[in-house]
Amino acid sequence: MAELGVDAVLILPFTPEFSKLSAADFVVKVLVDKLHAKAVVEGPNFRFGHKAAGNVRFLAEQGDVYDFDVEVVDLFVTGEAGGGEPFSSTLTRRLVAEGGIEGAAEILGRPHRVEGIVVRGAQRGRDLGFPTANVETLPHTAIPADGVYAGWLHTQGEAMPAAISVGTNPQFDGTERTVEAYAIDRVGLDLYGLHVAVDFLAFVRGQARFDTLDALLVQMADDVQRCRELVAAAEKP
Ligand SMILES: Cc1cc2nc3c(=O)[nH]c(=O)nc-3n(C[C@H](O)[C@H](O)[C@H](O)COP(=O)(O)O)c2cc1C
Ligand SMILES: Nc1ncnc2c1ncn2[C@@H]1O[C@H](COP(=O)(O)OP(=O)(O)O)[C@@H](O)[C@H]1O
């Protein structure tokens with residue numbers, strides 16, 4: 001916040017009492033009496049006061065009365081990856097849940113990140129040739145849709161290019177949904193117990209169940225190559 005030049009943030013808890021404040025009372029009690037606002041900057045869709053009765057036109061009229069400026073700024077709108085919709089936290093969560101992490105990154109201004117401690121899994125990855133750090137996420141973490149992603153595995157100040165798998169491992173009849181990251185070309189790592197962060201750069205494909213284990217391994221090698229290229233072409237977060 002400070003880096004953005006913000007000196008203070010005021011959070012108004014949305015209590016039942018606050019929700020009953022009329023739009024006119026919000027202006028007088030909050031903006032004028034408490035904040036002594038000189039200027040109020042809003043998006044065009046801003047609503048306030050009981051039953052969202054206040055809009056930017058009303059706010060501008062009140063500004064004339066109480067002597068504050070009202071500036072209406074255009075909403076940021078996502079590009080193709082975000083479906084051309086206005087930026088919002090709801091849209092960000094939806095995009096992440098749908099695997100649209102490129103669109104989510106556009107809104108966030110950085111890749112979406114999932115963090116946690118590395119825990120033990122089925123200990124199978126090493127035999128497949130792709131050991132994967134299984135990240136124990138906190139409840140309510142926004143986990144991207146099941147699939148394979150390119151990204152980074154961060155730990156101890158290092159950002160390692162990674163192939164990330166999210167899902168239940170249908171190939172092995174798994175039931176638990178996991179977030180696992182293979183640090184590309186890295187051997188001999190011991191990440192158990194460490195706090196790691198996984199940054200999601202790009203969606204590669206959905207989870208699948210193959211007819212044979214060999215078919216999965218061929219696909220995984222292909223995925224890793226694709227992830228290597230995607231990460232190499234991206235800016236390091
Ligand atoms: C690049 C990559 C692609 C993967 N694709 C699939 C997949 O399509 N289907 C699947 O069931 N598991 C997939 N996995 C997950 C593996 O099944 C899992 O990493 C492996 O079973 C090791 O699990 P463990 O860490 O619990 O030992 C993929 C993993 C990686 C790294
Ligand atoms: N390149 C790598 N990427 C991720 N983890 C690695 C790598 N090399 C070694 N490891 C270690 O191997 C573990 C993953 O091996 P794996 O066989 O998949 O076991 P598990 O099922 O317990 O995750 C990681 O937790 C980490 O400690």
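The values are calculated or read from the model by the stated rules, or taken from the named source; none is laboratory data. Just so we're clear, the structure is a prediction, and the values are computed from it rather than from any experiment. Note: ideal-geometry Cβ built from the backbone for every residue, glycine included; neighbour counts use all protein chains shown. Ligands, DNA and RNA are stripped out before the accessible areas are found, and what is left, the full protein with its side chains, is counted by its heavy atoms. Shrake-Rupley method; radii C 1.70, N 1.55, O 1.52, S 1.80 Å.
Among what's in the range 120-170 and is among the aromatic types (Phe, Trp, Tyr) and open to solvent by less than 30 Å² (accessible area, probe 1.4 Å), pick the residue that is nearest to ligand 2 (Cβ to nearest atom).
Just the residues of the range 120-170 that are among the aromatic types (Phe, Trp, Tyr), to begin with: 130, 149, 152.
When the remaining residues are screened for being open to solvent by less than 30 Å² (accessible area, probe 1.4 Å), the result is 149, 152.
On the way: Tyr149: 15, Trp152: 12 Å.
Only one residue fits best here, namely Trp152.
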Of all residues making up the range 69-82, the number that are open to solvent by less than 100 Å² (accessible area, probe 1.4 Å) and either charged (D, E, K, R) or closer than 17 Å to Gly43 by Cβ (or both): 7
Cβ-Cβ under 7 Å pairs, at least 6 apart or on other chains, the range 151-166 side within 18 Å of Thr137 (Cα to Cα), far side outside any strand (DSSP E or B) and not hydrophobic (A, V, I, L, M, F, W, C): Gly151/Pro111; Trp152/Pro237; Ala163/Asp223; Ser165/Thr132; Val166/Pro144; Val166/Asp146
Long-range neighbours under 7 Å by Cβ, at least six apart or interchain, first residue free of Cβ contacts under 8 Å to residues at least 24 places away in the same chain within the range 128-150, second within 15 Å of ligand 1 (Cβ to nearest atom): Glu136/Gly116; Glu136/Ile117; Glu136/Val119; Leu138/Gly116
Cβ pairs under 7 Å, 6+ apart, first in the range 80-108 and under 20 Å from Leu230 (Cβ atoms), second acidic (Asp, Glu): Ala81/Glu102; Ala81/Glu106; Gly82/Glu106
So Leu91, is it closer than 30 Å to Gly147 by Cα, open to solvent by less than 70 Å² (accessible area, probe 1.4 Å) and of a type in the set (A, V, I, L, M): yes
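Which of the residues that make up the range 191-211 are open to solvent by 70 Å² or more (accessible area, probe 1.4 Å) and more than 15 Å from Thr132 (Cα to Cα)? Can you show your working first?
Let us first name the residues in the range 191-211 that are open to solvent by 70 Å² or more (accessible area, probe 1.4 Å), namely 192, 195, 203, 209, 211.
Phe203, Arg209, Asp211, listed by residue number.
Within the range 207-232, work out how many residues are within 8 Å of ligand 1 (Cβ to nearest atom) and not in a helix (DSSP H, G or I).
Of the residues in the range 207-232, the ones within 8 Å of ligand 1 (Cβ to nearest atom) are 207-210, 216, 219-220, 223-224, 227.
Remaining after also requiring not in a helix (DSSP H, G or I): 207-210.
The number of residues fulfilling the criteria is 4.
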Odd one out for Gly84, checked against (1) at negative phi; (2) touching a strand residue (DSSP E or B) at 6+ places or on another chain (Cβ under 8 Å): (1)
Every residue from the range 95-119 that is within 16 Å of Phe76 (Cβ to Cβ) and open to solvent by 20 Å² or more (accessible area, probe 1.4 Å): Glu102, Ala105, Glu106, Ile107, Leu108, Gly109, Arg110
Helices (runs of 4 or more DSSP H) (entirely within the range 55-146) containing at least 1 residues that are of a type outside the set (Asp, Glu) and over 21 Å from Thr175 (Cα atoms): 56-66, 89-98, 101-108
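When residues of the range 196-223 are filtered for being hydrophobic (A, V, I, L, M, F, W, C) and over 23 Å from the mean Cα position of the chain (by Cα), how many remain? Before the answer, list the steps.
So the first thing to find is which residues in the range 196-223 are hydrophobic (A, V, I, L, M, F, W, C), and the list is 196-198, 200-204, 208, 210, 213, 215-218, 220-221.
Filter once more, so that each one left must be over 23 Å from the mean Cα position of the chain (by Cα): 208, 210, 213, 215-218, 220-221.
Number satisfying all stated conditions: 9.
Just to be sure before I move on: is Gly121 farther than 21 Å from Gly100 by Cα and more than 8 Å from ligand 1 (Cβ to nearest atom) in the structure I sent?
Values: farther than 21 Å from Gly100 by Cα: yes; more than 8 Å from ligand 1 (Cβ to nearest atom): no.
No: the conditions fail for Gly121.
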Out of Asp223, Asp146, sole residue that is touching a Gly at 6+ places or on another chain (Cβ under 6 Å), acidic (Asp, Glu), modelled with pLDDT of 95 or more and closer than 28 Å to Arg93 by Cβ: Asp146
